[in-house]
Amino acid sequence: MFFPAYRARRVRANETIRRMVRETILTPSDFIYPLFVTHGKGVKNEISSMPGNYQQSIDNIVKDCQEVKSLGVPAVILFGIPEKKDAVGSEAYSDKGIIQQAIKAIKDKVPGLMVITDVCLCEYTDHGHCGIVKGDEIVNDATVDLLCKEALSHAKAGADMVAPSDMMDGRVGAIRESLDEKGFGDIPIMSYAVKYASAFYGPFREAAESTPSFGDRRSHQMDPANAREAIREAEMDIDEGADIIMVKPALPYLDIIYRLRESTDMPIAAYHVSGEFSMIKAAEKLGWMDGQRAMMESLTCIKRAGADIILTYYAKDAARLLNG
Ligand code: PBG
């Protein structure tokens, strides 16, 4: 295509024609909204590094879920802050755990809203690691057994979907088997298949109170330098029975989302994580960026790269804007 026969600007001249040739359209249906559930009543503590996001008790979580649903956002994903933490994360798989209670309340009061649960131990262990610790090792197979118990207890409480985020090997297959065995064959698994060891989770760890007390997560989460390995991780999870595969974080890993889009027909989710959210909020606060435009541009680009679903702390704000 040569100038002047082709003038690229013709189709950019005004919003009407731009709208007609737009390749990627966001809708509120694209989003999953993360929520942090804590014990108590009437609790709503803002997370300082994530303005507009809160640790909330179940009564307030339910109100938030009503708003999420009314905005046309189809799903929430729940993270729990337990009353007591211990070495084996007992509250994660207790039938009276905070998440189990929250699921029941939401399913009861906000019918039609999909409730997804994060399946991991790091919020529930006193050492903040994603599994059982022996010395400085995170023990894989014994941890997988507990993750199965956790996923099962979420399903029993009424969860619509479980999302293992721990990155232990073999956990998707084991969770699939446990669910099937107990009559939860219809509950889908959204696996955090490609989860990198990322600095961008910093604000989340304040929100979920899950900072590891020693070491880091590099023995199970992926090295940010690797892309081919991401394909293997995703293929493994698909073979083990994952219904949706997730890439996390999102923006620094758009190439990974794109590669997966090219290599699989499975639905792909991308997690626009806490740090990605907080960076925009901070720059906006300093007057350095238009936060609203940065939000919509980020979400649009994640979808353009190939994500079908976006987990984002912006879900409500973006939906509000899209709904006009
Ligand atoms: C683990 C989990 C994490 C996030 C989601 N699930 C934190 C971690 O791996 O340390 C991070 C999400 C975010 O940063 O927004 N349960």
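The values are calculated or read from the model by the stated rules, or taken from the named source; none is laboratory data. Keep in mind the model is a prediction, meaning the values are calculated, not measured. We place every Cβ from the backbone using ideal geometry, glycine too, and count neighbours over all the protein chains shown. Surface areas here come from the heavy atoms of the whole protein model, side chains and all, with no ligands, DNA or RNA. Shrake-Rupley method; radii C 1.70, N 1.55, O 1.52, S 1.80 Å.
Points to keep in mind about this one:
- Residue-count net charge about GLY173 - beta-carbon cut-off 10 Å; Lys, Arg +1, Asp, Glu -1: -3
- Between helix 58-70 and the chain: long-axis angle, C-alpha atoms, 0 to 90°, nearest 10: 30
- Among the listed pairs LYS69/LYS156; LYS195/LYS316; LYS44/LYS285; LYS109/LYS134; LYS149/LYS303; LYS107/LYS285, a Cα-Cα separation exceeding 31 Å is found for LYS109/LYS134; LYS149/LYS303; LYS107/LYS285.
- DSSP beta bridges confined to the stretch 24-322 are antiparallel in about 15 percent of cases.
- Net charge dipole, the chain: roughly 1660 debye, given to the nearest 20, about the Cα centre with Cβ charges of +1 for Lys and Arg and -1 for Asp and Glu.
- Alpha-carbon centroids, the stretch 285-300 and the stretch 1-68: separation in whole Å: 11
- Considering only ASN226, GLY202, PRO51, and ranking their Cα positions along the charge dipole of the chain that arises from unit charges at the beta-carbon of Lys, Arg, Asp and Glu, the one farthest toward the positive end is PRO51.
- Accessible heavy-atom area order of MET296, MET114, MET20, highest first, probe of 1.4 Å: MET20, MET114, MET296
- Dividing the helix sum by the residues of the chain, where each DSSP H run of 4 or more adds -39500 (n - 2.57), gives a mean residue ellipticity at 222 nm of -12000 deg cm²/dmol.
- Across the chain, Cα pairs under 8 Å and at least six residues apart give a relative contact order of 18 percent.
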